Amino acid sequence: MGCGRVGATLAQGIEARGHSVAIIDQNPDAFRRLPAEFEGQRVTGVGFDRDTLRQAGIEDTYAFAAVSDGDNSNVLAARVARETFGVDKVVARIYDPQRAEIYQRLGIPTVATVRWTSDQVLRRMLPLGATDEYRDPSGQVRLAQVDYHPGWTGHSVRRIEAVTGARVAFLSRYTDGVLVTGDTVLQENDVLHVLMRDEDAATVERLLTHAPDLKED
């Protein structure tokens, strides 16, 4: 739902991966953002209207994304898709980060546009500790990019996990993603991506942003 810049780009990306796509927008002129070769279905209507959703094929769909420019419309459409039509994979674009956290707890995966953008800008300016990259729908498990003290350089993933109790998901090393083993050693300029329980996040952040205790070796 939503054929703005995000919706049009998303629809093209999904189609390019070999999937069929239907895109909904109240304004038929919005479909001009789609290229001439786009083969998906264009549906003019309100994205949370049940008849409009049926016209778009909601009853046979695998996933639904609500990416219009209205928070309320996006959440309402996502809830209708999930609760009325039983679509398991839904996501809503949200501008208000406080609302995003509430809906996340209600089991509606959200992308908080403003928060994500500000986090990414700040991360390039200042060390932030931990910045969320993903939360499961319950909000209990987080995948976060975590800053770390230079003293951790040269230590193994096994040591990091033993000290923090978290799981190192992968490293970003220059332009490459690196899947780790326990023997993988953290190198200078590596970016650390960590899986952890939400309740443990503050502890994990505190441990990694301070030098490791060499007395434990």
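Go through segment 1-51 and give me each residue that's in contact (Cβ under 8 Å) with a residue 60 or more places away in the chain and either in a strand (DSSP E or B) or not β-branched (V, I, T) (or both).
First, pick out the residues of segment 1-51 that are in contact (Cβ under 8 Å) with a residue 60 or more places away in the chain: 1-2, 4, 6-7.
Listed by number, the residues that qualify are M1, G2, G4, G7.
With the structure loaded, tell me whether A65 is surrounded by 12 or more Cβ atoms within 10 Å (Cβ to Cβ), modelled with pLDDT of 90 or more, under 17 Å from Q104 (Cα atoms) and out of contact with any helix residue (DSSP H, G or I) (no Cβ under 7 Å at 6 or more places or on another chain) or whether it fails that test. When the stated conditions are applied, A65 does not pass them. Looking across segment 137-154, just one residue is surrounded by 13 or more Cβ atoms within 10 Å (Cβ to Cβ), out of contact with any helix residue (DSSP H, G or I) (no Cβ under 9 Å at 6 or more places or on another chain) and in a loop (DSSP other than H, G, I, E, B), and that is T153. Please indicate, with yes or no, whether at least one residue in segment 14-32 is surrounded by fewer than 16 Cβ atoms within 10 Å (Cβ to Cβ) and touching a Lys or Arg at 6+ places or on another chain (Cβ under 9 Å). Checked against the condition, which is being surrounded by fewer than 16 Cβ atoms within 10 Å (Cβ to Cβ) and touching a Lys or Arg at 6+ places or on another chain (Cβ under 9 Å), segment 14-32 yields at least one hit. T175: among the hydroxyl-bearing types (S, T, Y) and either over 23 Å from the mean Cα position of the chain (by Cα) or under 19 Å from T131 (Cα atoms) (or both), yes or no? Spelling it out, it is not the case that T175 is among the hydroxyl-bearing types (S, T, Y) and either over 23 Å from the mean Cα position of the chain (by Cα) or under 19 Å from T131 (Cα atoms) (or both).
The values are calculated or read from the model by the stated rules, or taken from the named source; none is laboratory data. The shown structure was predicted, so the numbers you read here are calculated from the model rather than taken from an experiment. Cβ atoms come from the backbone with ideal geometry, glycine included; neighbour counts cover every protein chain shown.
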